[in-house]
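*Asks:* Okay, handing you the structure first.
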Amino acid sequence: MTAYPAIRIEGGLFGPDILEELLASELPGQRPQDFGLDGRRNFLDEIASAFADAQAQWELFRRRLERLPESDPATSVTRDSWAIPFFSLLGYELHYNHRAYDVDGTTYAISHRASSNDDAPPVHIVGARQDLGRVPPSGRPRLAPHSLLQEFLNRTEHLWGIVTNGYTLRLLRDSTYIRRQAYVEFDLRQILEERRFNEFALLYRLLHRTRLPHSIADARECLLEQYYQHALEQGGRVRERLRDGVERCLEGLANGLLAHPANEELRRRLSPHATPPDRLTPLELYQQLLRLVYRFLFLLVAEERGLISREPLYREHYSVSRLRRLLEHRSAYTDHDDLWCSLKALWSILRTEDYARLLGATALDGELFWELDVDRYSITNRDLLEAFWHLSYYQEQSSSPPRRINYAALDVEELGSVYESLLDYYPQIDCSGPTPVFHLAHGSERKTTGSYYTPPELVQELIQSTLEPVLKARLEGARRMVNAEWQAVQGTWRILEQLLAEWHSRTHQRLQRSGGAEPSRLHRPEHLQAPSTTAEGGTARAEQPAPSHIGPNPGEHHPDGGTPPHSEHPSVPAPSQREPDRAGDAPAHQRAGGTSAGGSDVGALGQPAAPGQAAHLTGTQPPTAEELAVIWSQTPPAIRYSLLAQAAILSLRILDPACGSGHFLLAAARRLGKELARIRTDEDEPAPEHVREATRQVIAHAIYGVDKNPL
């Protein structure tokens with residue numbers, strides 16, 4: 001998405017080429033008549049006119065917003081002065097919902113609908129000072145605006161909806177049967193203030209009223225749904241073509257290395273006459289080239305998502321993505337080897353913390369970037385770029401124009417299917433000519449090793465049959481322990497002590513800032529009831545915000561995640577049954593707090609530490625056992641459940657002993673991440689940013705993979 005920084009496609013809602021296809025009018029419904037225009041005026045002129053009107057309206061809105069006091073959420077101004085006029089430029093006649101929607105006894109206060117009919121698509125507009133991912137200070141249910149609309153879509157027959165706070169606009173789809181939340185986000189402020197006409201044109205072509213369904217009845221036939229189904233089909237084709245591209249890239253790299261005049265040593269080592277330990281077999285060369293290609297794939301995905309470094313120096317002179325730019329310049333296809341030398345420098349930088357920090361990156365300490373034999377040799381710019389082309393573009397057919405692969409929109413699971421296809425081959429080197437020739441022949445490694453890529457449907461079945469029962473038992477155990485004394489629960493999961501101390505510390509600071517009572521005088525609010533009197537489903541609901549994030553401290557648990565026998569509190573393992581500290585656990589000095597990836601002091605709940613607080617949260621002055629017991633006795637039941645449930649999830653150990661590309665582990669991490677986010681936010685459909693952070697913490701704490709194949 002680097003070409004359109006004001007647009008973000010999340011969760012694979014649309015395919016990699018959707019934006020280019022929209023601009024090129026290659027998708028259905030892109031004629032002026034399809035937008036309700038008479039066609040006598042140039043279509044781009046129509047969009048330009050709407051863009052100019054939107055900019056003028058935006059300036060009026062900004063001036064009115066500046067005159068409001070900071071305490072005003074700006075709901076009326078955002079709706080009346082900006083959002084409603086803006087949507088009218090896209091063909092909408094928004095109608096205000098005077099009553100909230102009622103779905104199975106739960107009310108959803110969606111502000112507007114796209115037209116006058118009662119079942120028109122929902123359009124939810126909130127104030128500019130309300131973040132789409134944060135719970136508003138009032139209203140029911142207690143959901144962030146994004147979560148409110150997403151849960152409404154998931155629980156009704158509506159398929160598409162829009163939510164905006166005036167600054168950011170998101171297009172959402174029902175995600176009941178999708179593994180991840182899916183939406184398209186437009187940064188309206190960036191589009192209008194930086195005058196990004198192309199992004200506005202894409203917004204116009206994708207979000208015009210004629211794209212959405214008229215009502216529930218035609219939701220499956222609307223243009224947006226057609227684009228979505230097209231994206232699913234296109235994604236399958238990209239995967240197939242990427243597999244072919246990886247194979248051709250491997251062969252191109254191998255033959256480029258074998259043909260380079262400076263690589264006489266490599267050719268000698270691959271000769272049938274070479275003797276161990278100097279000899280390099282075709283299989284060993286193939287495995288090293290696979291690592292090289294997977295370096296490319298890893299960095300292409302990470303760089304296009306902005307996860308490595310945002311420094312211009314890295315992006316322009318060191319990144320793998322710069323090779324994609326050079327592919328378009330024929331003058332770069334030379335017999336020099338400077339591009340290969342720069343890649344070798346990049347590998348060294350990414351495995352060295354001091355060098356990486358200079359470029360705004362973090363060292364990647366996995367085996368992927370360990371030094372390889374092939375790193376010592378040379379390949380010309382021409383051979384390198386010709387091989388790399390097959391990782392950057394694909395063709396539907398040999399006569400079709402090349403299409404650029406959008407790695408930012410590629411599911412990481414799809415790389416597993418690429419690797420699976422490589423198991424169908426084994427390498428051969430023909431040494432009969434003056435220069436050895438490398439090629440891949442069909443083999444049987446996949447069958448003999450039982451290596452198969454697990455499809456998403458089977459992964460979900462595995463999650464249901466293996467993870468869900470353990471998760472349910474853990475949460476039920478947490479619920480049973482809410483009313484127990486601290487002495488009975490303190491040995492359950494080590495991370496519970498950290499969570500409790502952090503919650504108390506934050507409550508203490510919040511009360512000090514507001515001039516309220518000390519935590520020692522906390523009472524139990526009437527609305528925080530014990531689980532025996534909770535609402536249907538048994539989950540204690542906390543009006544008070546639960547801890548949002550936790551630091552790197554795995555806890556202890558019963559090995560099978562279930563209930564140890566002969567225990568007063570069934571989910572508390574006996575000391576002899578708990579795991580000892582292991583190499584995978586955090587060092588002792590980190591167990592009461594953490595440090596962000598960038599190195600700044602943070603509390604273990606993931607928020608910036610207040611002045612003077614960092615030392616306490618990093619474990620130099622942890623609360624004593626007696627102090628923790630007092631804190632626990634004063635903690636409201638709903639908060640107790642939240643802390644217990646978080647500890648129960650983060651202390652799980654999920655191991656795939658033959659993990660392959662990690663497809664099952666990724667699905668498990670996402671399932672637990674969403675559950676953790678639900679507990680922290682008290683929302684059934686947490687906002688995407690909360691789910692991402694929770695999933696990251698689950699991966700750091702609970703996910704383990706083993707495979708005897710180093711690749």
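*Asks:* So which of Glu70, Glu20, Glu10 ends up being open to solvent by 70 Å² or more (accessible area, probe 1.4 Å) and in contact with an Asp or Glu (Cβ under 9 Å, 6 or more places away or on another chain)?
*Replies:* Glu20
*Asks:* Name the residues in the range 311-352 that are open to solvent by 10 Å² or more (accessible area, probe 1.4 Å) and in a loop (DSSP other than H, G, I, E, B), would you?
*Replies:* Within the range 311-352, Glu311, Tyr318, Leu327, Glu328, His329, Tyr333, Thr334, Asp335, His336, Asp337, Arg351, Thr352 qualify.
*Asks:* Search the range 247-280 for residues being more than 14 Å from Asp373 (Cα to Cα), hydrophobic (A, V, I, L, M, F, W, C) and surrounded by fewer than 22 Cβ atoms within 10 Å (Cβ to Cβ), and hand back the single one that is farthest from the chain's Cα centre (by Cα).
*Replies:* Once the filter is applied, the top-ranked residue is Ala274.
*Asks:* Here is a further query. Which condition from (1) surrounded by fewer than 20 Cβ atoms within 10 Å (Cβ to Cβ); (2) touching a residue at least 60 places away in the same chain (Cβ under 8 Å) is the one that Ala54 breaks?
*Replies:* (1)
*Asks:* Another one. Does the range 23-47 hold any residues that are within 34 Å of the chain's Cα centre (by Cα) and open to solvent by 30 Å² or more (accessible area, probe 1.4 Å), and which are they?
*Replies:* Leu23, Ala24, Ser25, Glu26, Pro28
Residue-by-condition table, conditions (1) in contact (Cβ under 8 Å) with a residue 60 or more places away in the chain; (2) closer than 26 Å to Leu711 by Cβ; (3) out of contact with any strand residue (DSSP E or B) (no Cβ under 7 Å at 6 or more places or on another chain):
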{"residue": "Thr454", "(1), (2), (3)": "yes, yes, yes"}
{"residue": "Leu458", "(1), (2), (3)": "no, yes, yes"}
{"residue": "Ser465", "(1), (2), (3)": "no, no, yes"}
{"residue": "Val470", "(1), (2), (3)": "yes, no, yes"}
{"residue": "Ala473", "(1), (2), (3)": "yes, no, yes"}
{"residue": "Ala478", "(1), (2), (3)": "yes, no, yes"}
{"residue": "Ala488", "(1), (2), (3)": "yes, no, yes"}
{"residue": "Thr492", "(1), (2), (3)": "yes, no, yes"}
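*Asks:* Is it the case, given these coordinates, that Ser421 is of a type outside the set (Phe, Trp, Tyr), free of Cβ contacts under 8 Å to residues at least 12 places away in the same chain and under 26 Å from Asn255 (Cα atoms)?
*Replies:* no
*Asks:* With Pro145, Pro213 as the choices, which residue is at pLDDT 95 or above and open to solvent by less than 10 Å² (accessible area, probe 1.4 Å)?
*Replies:* Pro213
For every residue, the table says whether it meets (1) open to solvent by less than 30 Å² (accessible area, probe 1.4 Å); (2) aliphatic (A, V, I, L, M); (3) within 20 Å of Glu10 (Cα to Cα).
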{"position": "Ala667", "(1), (2), (3)": "yes, yes, yes"}
{"position": "Ile679", "(1), (2), (3)": "yes, yes, no"}
{"position": "Ala687", "(1), (2), (3)": "yes, yes, yes"}
{"position": "Val706", "(1), (2), (3)": "no, yes, no"}
{"position": "Leu711", "(1), (2), (3)": "no, yes, no"}
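*Asks:* Just to be sure I understand the filter: pairs with C-beta atoms under 7 Å, separated by 6 or more residues or on different chains, first member in the range 280-293 and touching a residue at least 40 places away in the same chain (Cβ under 8 Å) and aromatic (Phe, Trp, Tyr), second member buried (at least 21 other Cβ atoms within 10 Å of the Cβ) and not in a helix (DSSP H, G or I). Which pairs pass?
*Replies:* Tyr286/Pro427
*Asks:* On to the next question. Is one or more of the residues making up the range 506-513 part of a helix (DSSP H, G or I), open to solvent by 70 Å² or more (accessible area, probe 1.4 Å) and modelled with pLDDT of 75 or more?
*Replies:* no
*Asks:* Only residues that are touching a Lys or Arg at 6+ places or on another chain (Cβ under 8 Å), among the small types (Gly, Ala, Ser) and touching a residue at least 40 places away in the same chain (Cβ under 8 Å): list them for the range 332-387, please.
*Replies:* Once the filter is applied, which keeps residues that are touching a Lys or Arg at 6+ places or on another chain (Cβ under 8 Å), among the small types (Gly, Ala, Ser) and touching a residue at least 40 places away in the same chain (Cβ under 8 Å), the range 332-387 yields Gly360, Ala387.
*Asks:* Identify the residue in the range 281-310 that is among the basic types (Lys, Arg) and under 26 Å from Gly660 (Cα atoms) and, among all such residues, is most open to solvent (accessible area, probe 1.4 Å).
*Replies:* Among those that are among the basic types (Lys, Arg) and under 26 Å from Gly660 (Cα atoms), it is Arg305.
*Asks:* Scan Leu665, Leu644, Leu628, Leu676 and give me the residue that is part of a helix (DSSP H, G or I), touching a strand residue (DSSP E or B) at 6+ places or on another chain (Cβ under 9 Å) and either modelled with pLDDT of 85 or more or of a type in the set (Ser, Thr, Tyr) (or both).
*Replies:* None of the other options fit; the residue is Leu665.
*Asks:* Let me ask something additional. Step by step: first the residues of the range 181-203, then only those that are under 30 Å from Glu157 (Cβ atoms) and open to solvent by less than 10 Å² (accessible area, probe 1.4 Å), then the one that is modelled with the lowest pLDDT. Which residue is that?
*Replies:* Among those residues, the one meeting the criterion is Ala182.
*Asks:* If you take the residues of the range 424-434 that are touching a residue at least 12 places away in the same chain (Cβ under 8 Å) and not hydrophobic (A, V, I, L, M, F, W, C), which of them is most open to solvent (accessible area, probe 1.4 Å)?
*Replies:* Across the range 424-434, the extreme among qualifying residues is Tyr426.
*Asks:* Select, from Leu384, Leu364, the only residue that is open to solvent by less than 50 Å² (accessible area, probe 1.4 Å) and either more than 19 Å from Leu250 (Cβ to Cβ) or outside any helix (DSSP H, G or I) (or both).
*Replies:* The match here is Leu364.
*Asks:* Moving to a separate point now. When you scan the range 648-656, do you find a residue that is surrounded by fewer than 16 Cβ atoms within 10 Å (Cβ to Cβ), modelled with pLDDT of 90 or more and not in a helix (DSSP H, G or I), even just one?
*Replies:* yes
The values are calculated or read from the model by the stated rules, or taken from the named source; none is laboratory data. Quick caveat: nothing in here was measured; it's all calculated off a predicted structure. A quick note on method: Cβ atoms are made from the backbone with ideal geometry, for glycine too, and the neighbour counts reach across all protein chains shown. The accessibility values were calculated without ligands, DNA or RNA, using every heavy atom of the protein model including side chains. Shrake-Rupley method; radii C 1.70, N 1.55, O 1.52, S 1.80 Å.
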